[in-house]
Structures are given as structure tokens and as C-alpha cells.
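Structure first, then comments.
The values are calculated or read from the model by the stated rules, or taken from the named source; none is laboratory data. Quick caveat: nothing in here was measured; it's all calculated off a predicted structure. As a convention, Cβ positions derive from the backbone with ideal geometry for all residues, glycine included, and neighbour counts pool all protein chains shown.
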Amino acid sequence: MARVKRGNKRLLKRKKILKLSSGFWGTKSNAHRMAKQAVDKALAYAYRDRRQKKRQLRSLWIVRINAAARLHGLSYSRLIAGLKAAGSTLDRKVLADIAVTDPSGFAGLAEMAKSALGSQGTPAPAEG
């Protein structure tokens, strides 16, 4: 079997890891072994959190919609049910943006949801 000359592959691999770890604190930014562990962990967190970000944003939208809906005498679930009954195709991202930037427009949506719920003949939720 022929001999393989390695060249500077080892140096290039180490440089890549140290470049990714620049900005880390202490030894994790300049010692290859520690930097490799820190970079692997950081990349795993980045992968996980790209998915969690979507969940967290949806949760934030729901909180904002619920707060705005309660100002108009509706709960979040009643508002969504009313909008579905009215045939609205607005998603939660857009509803949350309307709730924050255009309260009068959201009031119109809330009234539309209330009227759609009223026409279904469903009882209003009990207060208490």
C-alpha cells in the first residue's frame, strides 16, 4: 500500500474549530480540545433552538392574542372559534401583529367573532 502524505489537514481542521470558537470565554476559545467540546455543544444547542424558536414565537403570539381578546370580553379559544366560524383565514402571527399595532382593527375582528358565535347559538362562557 502506498504511503499517504497528510499535508496540513490536521492544522486546517484545528483552525476551523478554533475559528468557530472565537468569542468563547477562556480556554474554550484557544485550546483545541476544550474548543472542540464547546463548539460541538454550541452546534447542538443551535440545532435544537432553531426548532424551539418556532414554538416560542407561536406561544408569544397566543399570549398577545389572548390579552387583546380579553379586552373585548372574549377568551382566546372563543375568539379563535368565532373567527373560524366567520370564515376568517388569518393565522396567529397576523392576529398577534394586528392586536399590537392596530387595536381598532382587532376590535372589529373580535366583534366579527362574537357575531359568528352568536349566530351558532352557543352559550356564552360562565363568569366566575
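Under 8 Å by Cβ, and 6 or more places apart or on different chains, what pairs join a residue from the range 43-71 that is within 20 Å of ASP91 (Cβ to Cβ) with one that is outside any helix (DSSP H, G or I) and of a type in the set (Ser, Thr, Tyr)?
Sorted first by the residue in the range 43-71, then by its partner, the pairs are ASN66/SER75; ALA69/SER75.
Would you mind telling me which numbered condition in (1) over 30 Å from LYS93 (Cβ atoms); (2) of a type in the set (Lys, Arg); (3) without any contact (Cβ under 8 Å) to a residue 12 or more places away in the chain ARG14 fails?
Looking at each condition in turn, ARG14 falls short on (3).
Listed here are the residues, each with its yes/no results for (1) under 17 Å from the mean Cα position of the chain (by Cα); (2) exposed (fewer than 15 other Cβ atoms within 10 Å of the Cβ); (3) not assigned by TED's automatic domain parsing to the domain that holds LEU20.
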| residue | (1), (2), (3) |
| --- | --- |
| ARG64 | yes, no, yes |
| ALA68 | no, no, yes |
| LYS84 | no, yes, yes |
| ASP102 | no, yes, yes |
| GLY108 | no, yes, yes |
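Output the residues belonging to the range 85-95 that are part of a helix (DSSP H, G or I) and either free of Cβ contacts under 8 Å to residues at least 12 places away in the same chain or in contact with a His (Cβ under 9 Å, 6 or more places away or on another chain) (or both). Steps first, answer last, please.
Of the range 85-95, the ones part of a helix (DSSP H, G or I) are 85-86, 92-95.
Of everything in the range 85-95, just one residue is part of a helix (DSSP H, G or I) and either free of Cβ contacts under 8 Å to residues at least 12 places away in the same chain or in contact with a His (Cβ under 9 Å, 6 or more places away or on another chain) (or both), namely VAL94.
Residue check, LEU12 against (1) in contact with a helix residue (DSSP H, G or I) (Cβ under 7 Å, 6 or more places away or on another chain); (2) assigned to a helix (DSSP H, G or I); (3) surrounded by fewer than 12 Cβ atoms within 10 Å (Cβ to Cβ), all met but one. Which one?
(1)
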